[in-house]
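One structure below.
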Amino acid sequence: MPRPLWAGAISFGLVTIPVKIVSATEDHDVHFHRVHLTDMGRVRTRKVCELDGEVVSQDEIGRGYEIAKDETVPVTDEELEQMPLPTAKAIEIAAFVDADTIDPVRISDSYYLAADGQVAAKPYTLLRKALERSSKVAVAKFAWHGRERLGLLRIREGAIVLHSMKWPDEVRNPDELAPREVEVGEEEIDQALELAERMTIEDLSGFHDEYREALENIIAAKAEGKPLPAPAEDEGKEKGEVVDLMAALNASVKAAKESRGEDGEDATVHEMRPSKTTARKAPSKKTAASKKSTAPKKTAKKTAAKKRSAS
């Protein structure tokens, strides 16, 4: 089990459940050092006091809040720990809500809550079964890294998971980011739904970080003095290129069918019909064609007339 990050208790009405917080995720990113390119020496960040220019050690660094220009108030760890908060060492459940009412944008980091000792086994199981049978999630408040946070408790494979959440006023309003209203045809919507249906999968276990794999291959090649892997071909469209949305959807549905081993011949669910504007222009093409066909006859008549006048 990973090292616990926090120890306290879940407060559930009059029930107290001793728990430990452990990270629910792992960091598999490739991390780089900053180096001096001429000799590969490490370049480190030095903490320097801006008043005396001296390098400061970690034990000399504390917290301060600027209340006015050139006026900062120090705040110690002890003062933060002694704040009169009921959530200082407790995850206090405040309410239960339906799971589908939670906006995913508000969910941040995730942690597992491990039962802390045998005394926690029964109340832990009680809360887990209550959440499982109710299909609800618990909304809680807790103190974490010097501030009070909003949390969400739910069940994952028999364990209670704590999700750190944004407060309501921390989520920005997206209204100004939405595009202007445009018309989308019913056929286009149906094709998009068809594509979504074809791309539906059971779980996400098959996904992996291809960027990390490519980066590890580059590092391995450089370490062994081998040529770097060839760059991937760019199969995307040029930036700004206008595409036929319906044609793109039809092609996407066909590709999705073929990737699943299905017959791709009938991938076009909705036939693309000509628009009314195209239908009105059709007769003009006939007229143009008829003019071309009559042009040689007029030329022949003029040639004959010239021959008669010459004779």
* Stokes-Einstein D for the range 139-214 at 25 °C, 0.890 mPa s, Kirkwood Rh over Cα pairs, in µm²/s? -> 137 µm²/s
* Asked: Non-local amide H neighbours of SER108 (under 5 Å, H modeled in plane, Pro and chain starts lacking H): which ones?
  -> SER164, MET165, LYS166
* To do: Tabulate in residue order the Karplus-calculated ³J(HN,Hα) for the range 99-111, using 6.51 cos²θ - 1.76 cosθ + 1.60 with θ = phi - 60°, rounded to whole Hz; enter x for Gly and Pro.
  => 4, 6, 8, 8, 6, x, 4, 7, 7, 10, 6, 10, 9
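Round to the nearest 0.05 the FRET efficiency obtained for ALA68 and ALA7 when R0 = 35 Å and r is the Cβ-Cβ distance.
Using R0 = 35 Å, I get an efficiency of 0.35.
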* Quote the FRET efficiency, to the nearest 0.05, computed for GLU78 versus GLU188 with a Förster distance R0 of 51 Å and r equal to the Cβ-Cβ distance. => 0.25
* Asked: Quick one: length gained pulling SER57 to VAL30 fully straight, 0.36 nm per residue minus the C-alpha distance?
  -> 6.9 nm
* Structure fact -> On each of the three principal axes the extent of the alpha-carbon atoms of the range 89-206, given in whole Å and largest first, is 61, 33, 26
* Structure fact -> Between ARG44 and GLU202, the two model label points (7 Å from Cα along the beta-carbon direction) sit apart by a distance in nm of 5.1 nm
* Extending each Cα 7 Å along its Cβ direction at ALA121 and ILE219, get the distance between those two points in nm, one decimal. => 4.2 nm
* Could you calculate the FRET efficiency of LEU228 with GLU258 from 1/(1 + (r/R0)^6), where r is the beta carbon distance between them and R0 is 22 Å, rounded to 0.05? => 0.10
* Asked: Can you pull the percent of the range 87-167's accessible area that's carbon plus sulfur, 1.4 Å probe, other chains left in place?
  -> 51 percent
* In terms of modelled amide H atoms, which long-range or inter-chain residues lie less than 5 Å from the amide H of VAL19? -> GLY8, ALA9, ILE10, ASP116
* To do: Relative to the compact-globule scaling 2.2 N^0.38 Å, provide the ratio for the alpha-carbon radius of gyration of the range 1-108.
  => 1.65
* Asked: Applying the Karplus parametrisation 6.51 cos²θ - 1.76 cosθ + 1.60 with θ = phi - 60° to the phi angles of the range 215-222, what ³J(HN,Hα) value in whole Hz is obtained for each residue in order, glycine and proline being reported as x?
  -> 5, 5, 5, 5, 5, 5, 5, 5
* To do: Provide the solvent-accessible area of HIS33, counting protein heavy atoms only and rolling a 1.4 Å probe, rounded to the nearest 10 Å².
  => 120 Å²
* To do: Starting from one equal scatterer on each C-alpha and no solvent at all, send me the Debye-based log10 I(q)/I(0) for the range 35-164 at q = 0.12, 0.17 Å⁻¹, two decimals.
  => -0.72, -0.96
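The values are calculated or read from the model by the stated rules, or taken from the named source; none is laboratory data. Quick caveat, the model's predicted, so the values are computed rather than measured. Cβ sites come from the backbone with ideal geometry, for glycine too, and all protein chains shown count toward neighbours. Surface accessibility is based on the protein's heavy atoms, side chains included, excluding ligands, DNA and RNA. Shrake-Rupley method; radii C 1.70, N 1.55, O 1.52, S 1.80 Å.
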